[in-house]
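Working notes for the structure below.
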Amino acid sequence: MTVSPASAPTPPSSPTPGAEPASPASPASPTSPASPVSPASPASLGGPEERLAREERPTRPCVTELRLSAFAGHRGARLPLGPLTLLAGPSGSGKTSALTAYEALARLGGGAELGAVFPDPVACVPERARPDAQRRRGFRIGCTVDGPEGPVRLDVAVQAEPELRIVGERLTGGGLVLLESALRDPGRRTVQAAWHTAGSSPVTRAPLPDDRLGTALLPLRVAGKTDGQRQVIAAAEQAVVALRSVFACDPSPARMREPVPAGAGRLLRGCDNLADVLWRTRAECGRRHARLVAAVRAGCAGPVADVLAEPVDGGLVRAVLDRGDGVRTGFERLGDGELRYAALALVLLTGPGVLEVDPAGEVPAALQTLTVLADGFGRGLDPGQRDGLLRLAAQMCARGHIRLTAAMSDASGAAGVPGARVVDLVP
């Protein structure tokens, strides 16, 4: 698939009341609260089509499409996401900005405040976007989350100037608009929201804060007394579960060479505390550690009998390779490619309990999928290391417990890798 950014977008706004839901083929900015539309497809009638559709739905919620309606260099882009997705293209094609948008949605889904997610929101506004009469400019992003409730679409409009705020949001599923919000009074730090009720009143209206994702707040705001309310909660929880279990990773070799304090053993996005993680995980799961050793042996020069951490002065630990002949090579002696390779292999072979992520604690781990976002996946790697990591990723993604969305300039190594999906971006 080739995705190319189009012309600059118009800033997010609040369209007239009563607007119909956006067509699935044309992502649009969220509109003002409207009356939910009754589903009309045969699958909504509970017949054989509905039963078949339910059987084919993923048991673990996962993001299957990223929409960049108007974000940085993207306009009207729809990126399909599978268990193993590679965003490929030259520098300037928008790979990093796509991952930035994905991570932003993940953090918003986890309840993060808007300003913490977008410290430089103006950089997310398309370059040629012109302000409206009120000097407003912004951007729009969204995603589709598939799972037991079927496909659920989430779209968000964010105003970046003159002040950062969410000005519109839409959550749809099952042919219904389940939540819509729109900015009504710029003088108030709230948006007017309406969510599906299907009780004595078709919708419930209430203000929501303009610095939080409404979808993440719904499970705390909706009573769940009617079938409609329960449908809203189920769809919102499906979206939140998929978005919260995201780990953005970009190993930094320079920081990985230094000894670190022994601490919580949760891997940071730069993997600079990899030694601390090895100190913890080596004894936790022998099978997983054996696979890590085998992977590192295939990607690092010289013999490798073990990968471990050892204590040094000052309560610190350092990562080393045991060469099997009494010699231990500290990570400070390894090349950048070897360090990035070892860190990415560890990420692919571990899980939320080790990575610095905050998955939904109320949902069993067996019903969640960890999604790894890796920018510059092939950076510093030789072809053998790159292809070895892709094969390892394919093996782990095939199990269903982990998904990988990675950016790399050259995805030619993905040819022949089972399950790999390449999305080509062009500047």
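Just a few scattered comments:
- Restricting Ala234, Ala198 to those that are farther than 30 Å from Lys95 by Cα, assigned to a helix (DSSP H, G or I) and hydrophobic (A, V, I, L, M, F, W, C) reduces the list to Ala234.
- Selection status of Leu81, at pLDDT 50 or above and either surrounded by 11 or more Cβ atoms within 10 Å (Cβ to Cβ) or touching a Lys or Arg at 6+ places or on another chain (Cβ under 6 Å) (or both): yes
- Residue match in the range 115-127 (condition: in contact (Cβ under 8 Å) with a residue 60 or more places away in the chain, crowded, with 21+ Cβ neighbours inside 10 Å and of a type in the set (Asp, Glu)): no
- Every listed requirement among (1) in contact with an Asp or Glu (Cβ under 9 Å, 6 or more places away or on another chain); (2) within 20 Å of Arg189 (Cβ to Cβ); (3) not in a loop (DSSP other than H, G, I, E, B) is met by Arg135 save one, (3).
- Listed by first and then second residue, the pairs linking a residue in the range 46-69 that is closer than 15 Å to Ile141 by Cβ and open to solvent by less than 30 Å² (accessible area, probe 1.4 Å) to a residue that is at pLDDT below 65 and among the hydrophobic types (A, V, I, L, M, F, W, C), with Cβ atoms under 8 Å apart and 6 or more places separating them unless they lie on different chains, are Ser69/Ala28.
- When Arg288, Arg340 are screened for being at pLDDT 95 or above and of a type in the set (D, E, K, R), only Arg340 passes.
- The selection criterion, being at pLDDT below 95, among the small types (Gly, Ala, Ser) and farther than 29 Å from Ala194 by Cβ, does not hold for Gly46.
- Single match in Val317, Val312 (criterion: hydrophobic (A, V, I, L, M, F, W, C), in contact (Cβ under 8 Å) with a residue 40 or more places away in the chain and surrounded by fewer than 19 Cβ atoms within 10 Å (Cβ to Cβ)): Val312
- Residues satisfying the stated conditions in the range 206-253, i.e. open to solvent by 20 Å² or more (accessible area, probe 1.4 Å) and among the hydroxyl-bearing types (Ser, Thr, Tyr): Thr226, Ser252
The values are calculated or read from the model by the stated rules, or taken from the named source; none is laboratory data. Bear in mind that the values here come from a model prediction, so they are computed numbers and not experimental data. Heads up, the Cβs are rebuilt from the backbone with ideal geometry, glycines too, and the neighbour counts pull from every protein chain shown. For the accessible areas, the whole protein counts, side chains as well, though only heavy atoms, and no ligand, DNA or RNA atoms are used. Shrake-Rupley method; radii C 1.70, N 1.55, O 1.52, S 1.80 Å.
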